[in-house]
Amino acid sequence: MKNPAQNRQPIVMIHDLRKSFGSQQVLDGIDLAVVQGETLAVLGRSGIGKSVLLKLIIGLQKPDSGSIVIQGQEITCLDLNQLNEIRKKIGFLFQGAALYDSMTVAENVAFPLRRHTKLSETERKERVRDLLASVGMEEDHQKLPSQISGGMQKRVGLARALALDPEILLFDEPTAGLDPITATEIGELIVELKKQRSITSVVVTHDIHAARAFTDRMALIDNGHVVIEGTFSDLQKSRDQFIHRFLREAA
């Protein structure tokens, strides 16, 4: 996929990021930059710290050292109130959608609007209706999460992530556990969001087939480092044995 965001300024910049849990070094000097309107896929084997990277970007965890700059602001030293202001600009689609079981689909999407906006009840309902329509879930607004499929739950989670009009979206394994058709539909939604809103996205995934369809650039992580960055073609051209093995086993 051609990258239309070339030559733009980075909206997310990560430098020398390190994170360990006890004696386990998960991230060991990560450097990444994502420009406005770009979709970056972070690839790698299970358990190598891809999801940890997303949690660091949104401030759910603190790095041991290193820098995370979002829209020109270093976030690693912010207090909770300052961090919450940054979080309003970031939507997060969790791997399991993380919907509230006791709330309907509409109530789940309305939740951030209730907490962070002053919209009237009528305005909030209209906003929720528009958000659900944008992901093809408007007919299911009164259902509970347990009454819809995993793919539908991810659609609802995406609608909720978009509720506050974020400038950045973080996706944690958006196609995991889905059948090929539903996974393709989620990928198409990500592409459509980029076209309509010019949203900057970081997508953590091990699904290289999906990543080829909806991302501009890929970063492959191994042993806490970025092994290679570039297009899928760039990865294919590499002579690195690990990269070849990863591509072969992901095929």
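The values are calculated or read from the model by the stated rules, or taken from the named source; none is laboratory data. Source: prediction; values computed, not measured. Don't worry about glycine lacking a Cβ; one is built from the backbone with ideal geometry, like all the others, and counts go over all protein chains shown. When the accessible area is computed, the model is the full protein with side chains, heavy atoms only, and any ligands, DNA or RNA have been set aside. Shrake-Rupley method; radii C 1.70, N 1.55, O 1.52, S 1.80 Å.
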With the charge dipole of region 46-176 built from beta-carbon charges (+1 for Lys and Arg, -1 for Asp and Glu) about the Cα centre, the Cα from A159, Q61, Q71 projecting farthest to the positive end belongs to Q61
Here the relative contact order (percent) of region 18-152, from C-alpha pairs under 8 Å and at least 6 apart, is 16 percent
Projected onto their principal axes, the Cα atoms of region 7-57 stretch, largest extent first, over whole-Å spans of 39, 20, 14
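Tally Lys and Arg at +1 and Asp and Glu at -1 over the other residues with C-beta under 11 Å from the C-beta of T117: what net charge comes out?
Values: positive: K88, R114, R115, K118, R124, R127; negative: E123, D165.
With Lys, Arg at +1 and Asp, Glu at -1, the net is +4.
What share of Cα pairs, in percent, lie more than 18 angstrom apart in region 12-155? Could you put the intermediate results ahead of the total?
On the way: 6673 of 10296 pairs.
Across region 12-155, Cα pairs with separations above 18 Å total 65 percent.
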With a 1.4 angstrom probe the carbon and sulfur portion of accessible area for the chain, in percent, totals 47 percent
Region 155-251 -> Rg/Rh from Cα coords, Kirkwood Rh, value 0.99
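Any idea what the dipole of region 1-137 comes to, in debye rounded to 20, about its Cα centre with Lys/Arg Cβ at +1 and Asp/Glu Cβ at -1? Intermediate results must be reported in sequence, preceding the final value.
On the way: 18 positive and 14 negative charges, 42 e Å.
It comes to approximately 200 debye.
Roughly how many Å² is the accessible area per residue of the chain, as a whole number, for a 1.4 Å probe? Can you show the working numbers first?
Details: 12470 Å² over 251 residues.
For the chain, the solvent-accessible area averages 50 Å² per residue.
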The local net charge around I48, scoring Lys/Arg +1 and Asp/Glu -1 for residues other than I48 whose Cβ lies under 11 Å from its Cβ, equals 0
Computed from every Cα-Cα pair in region 71-183, P(r) in 10 Å bins starting at 0 and rounded to whole percents is 14, 44, 30, 11, 1
Bounding extents of region 122-188 in its principal axis frame from Cα atoms, largest first in Å, are 37, 30, 17
In terms of the alpha carbon gyration tensor, root eigenvalues a ≥ b ≥ c, rounded if a/c is under 1.5 and otherwise prolate when a/b exceeds b/c or oblate, region 1-95 is oblate
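So, counting K/R as plus one and D/E as minus one, what does the shell of residues with Cβ under 15 Å around P145 add up to?
Details: positive: K143, K154, R155, R160; negative: D101, E107, D140.
In short, +1.
For region 212-251, go through all pairs of different Cα atoms, get the mean of 1/r, take its inverse, and jot down that Kirkwood value in Å. Before the final figure, lay out each step's value.
Details: mean 1/r = 0.0956 Å⁻¹.
For region 212-251, inverting the mean 1/r across all distinct Cα pairs yields 10.5 Å.
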With a ≥ b ≥ c from the Cα gyration tensor eigenvalues, square-rooted, and the rule rounded for a/c under 1.5, otherwise prolate when a/b > b/c and oblate otherwise, the chain is prolate
In a Gaussian network model of the chain with springs linking alpha carbons closer than 10 Å, the residue among L27, L220, L78 that fluctuates most is L78
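Over region 115-251, what relative contact order in percent results from Cα pairs under 8 Å that are six or more residues apart? Write out the running numbers ahead of the final one.
Values: 119 pairs, mean separation 22.5, N = 137.
With pairs under 8 Å counted, the relative contact order is 16 percent.
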Listed residues S198, S102, S23; largest mean-square fluctuation, Gaussian network over the chain with Cα springs below 10 Å, found at S23
Per GNM of the chain with C-alpha springs under 10 angstrom, the most fluctuating residue out of F214, F94, F111 is F111
